[in-house]
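Where a number appears in this text, it was derived from the coordinates with a stated rule and is not lab data. Model, not experiment: these values are computed from the prediction. No Cβ is skipped: glycine too gets one built from the backbone with ideal geometry, and neighbour counts run over all protein chains shown.
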Amino acid sequence: MGILANSGSGSSLKFLIYGRTGWIGGLLGQLCQQQGIDFTYGSGRLENRASLEADIAAIKPTHVFNAAGVTGRPNVDWCESHKVETIRTNVVGTLSLADVCRERGLILINYATGCIFEYDSAHPLNSGIGFKEDEIPNFIGSFYSKTKAMVEDLLRNYENVCTLRVRMPISSDLSNPRNFITKITRYEKVVDIPNSMTILDELLPISIEMAKRNLTGIWNFTNPGVVSHNEILEMYKQFIDPNFTWKNFTLEEQAKVIIAPRSNNELDATKLKNEFPELLSIKESLIKYVFKPNQKTSAA
Ligand SMILES: NC(=O)c1ccc[n+]([C@@H]2O[C@H](COP(=O)([O-])OP(=O)(O)OC[C@H]3O[C@@H](n4cnc5c(N)ncnc54)[C@H](OP(=O)(O)O)[C@@H]3O)[C@@H](O)[C@H]2O)c1
């Protein structure tokens, strides 16, 4: 917590960030620090409207970022048995923050989820046809996804909100247990399905730039294209540990060890790519931002 001195390009900005103790919120603060952007973490709880109003009155931000939410520990199955707690933060809380920001004329950059879609006959697996920003969520198999889909739909009416559909986030910190790569290298068995994913090292700086450009609306916040579990594990073997081995299992077998079904999909990242033409494809981004910087093998 704390306000940093202004410097460089960020001098007229002041960010209020929710999610200080979280993965994405923590990375966002580090990035602001590196970029010399003045920021403060919010101390309010999302479901407590008065506490959000107090934060805004005290901090007078130019933009608000919401990286707070419940994702469940150890995973989203937690939300199945904690439905009211999930609603309190992810529904009541997120909507309260959007509403308070709108009242104050502030843009809210909201780290949401793309796990509200699943492959279907109009967007089949391996077809290259991804879900677009204006498509209606078709995956409500888990309580987490169901509430996130409802909130996304309601937030469409808030012209001050920038909804970023994050998916299966990956960072260059391979020791972080939340990192999708770390997760799948530690599982006893993994499914093998192509998915859209978000390389945080590339995309979080882009979200800051989106705030600077005052962009709003819904954005598929993933690198273009898809990558499968096995393709990532092959890269892991190539760059990190040549002796690494893993076992696959089917979706039907996976269903026996999880409580809520998981979403698998491709999101169409054309809108983001048009705004940021330098955006790398998922496989290029994995190599540049994650595997090359962590390389332990002598492979090319
Ligand atoms: N990680 C993923 O796989 C993933 C994927 C797609 C989308 N997302 C979305 O991105 C957002 C951030 O994810 P993350 O992985 O960084 O989450 P995280 O590591 O679990 O952190 C969540 C943060 O939210 C805060 N928080 C929870 N309830 C709150 C409340 N009622 N009021 C204020 N703060 C509250 C937590 O603070 P306390 O500890 O103080 O409660 C924590 O700082 C979430 O909305 C999540 O749904 C995540």
Q. Just for the Cα atoms in the chain, what are the lengths along the principal axes, largest first, rounded to whole Å?
A. 54, 41, 33
Q: Sort region 1-131 into rounded, prolate or oblate with this rule: let a ≥ b ≥ c be the square roots of the eigenvalues of the Cα gyration tensor; rounded if a/c is under 1.5, and if a/c is not under 1.5, prolate when a/b is larger than b/c, oblate otherwise.
A: prolate
**Q.** Residue order, fewest to most surrounding Cβ atoms within 10 angstrom, among LYS256, LYS288
**A.** LYS256, LYS288
Q | Listed pairs LYS14/LYS283; LYS83/LYS212; LYS14/LYS292; LYS256/LYS288; LYS189/LYS283 exceeding 24 Å between Cα atoms | A | LYS14/LYS283; LYS83/LYS212; LYS14/LYS292; LYS256/LYS288
Q. Once a ≥ b ≥ c are taken as the square roots of the eigenvalues of the Cα gyration tensor of region 260-300, is the result rounded (a/c under 1.5), prolate (a/b larger than b/c) or oblate (a/b not larger than b/c)?
A. oblate
Q: Using 0.36 nm per residue of separation minus the Cα-Cα distance, give me the extension gain between ARG49 and SER281 in nm, one decimal.
A: 79.6 nm
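With N residues in region 186-300, what two-decimal value do you get for its Cα radius of gyration over 2.2 N^0.38 Å?
Cα Rg divided by the expected 2.2 N^0.38 Å: 1.22.
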Q: Give a quick list of GluC sites (Glu not before Pro) in region 179-251 that DSSP marks as loop, anything other than H, G, I, E or B, with at most 11 other Cβ atoms within 10 Å.
A: GLU188
Q) Relative contact order for region 124-205 using alpha-carbon pairs under 8 Å, separation at least 6, rounded to a whole percent? A) 25 percent
(Q) Please list, by residue number, every one of the chymotrypsin sites (Phe, Trp or Tyr not before Pro) in region 186-245 that is coil in DSSP and has at most 15 other beta-carbon atoms within 10 Å. (A) TYR187, PHE244
Q) Kirkwood Rh over Cα pairs of region 100-250 into Stokes-Einstein at 25 °C, 0.890 mPa s: D in µm²/s? A) 144 µm²/s
Q) What distance in nm separates the simple spin-label points at ARG73 and LEU251, each placed 7 Å from Cα in the Cβ direction? A) 3.1 nm
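Is it possible to state the helix-based mean residue ellipticity at 222 nm for the chain, with each DSSP H run of 4+ residues giving -39500 (n - 2.57), the sum divided by total residues, to the nearest 500 deg cm²/dmol? What is it?
Using -39500 (n - 2.57) per qualifying helix, the result is -9500 deg cm²/dmol.
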Q: For GLY217, enumerate residues with amide H under 5 Å from its amide H, sequence gap 5+ or separate chain, H modeled in the peptide plane.
A: VAL161, CYS162, THR163
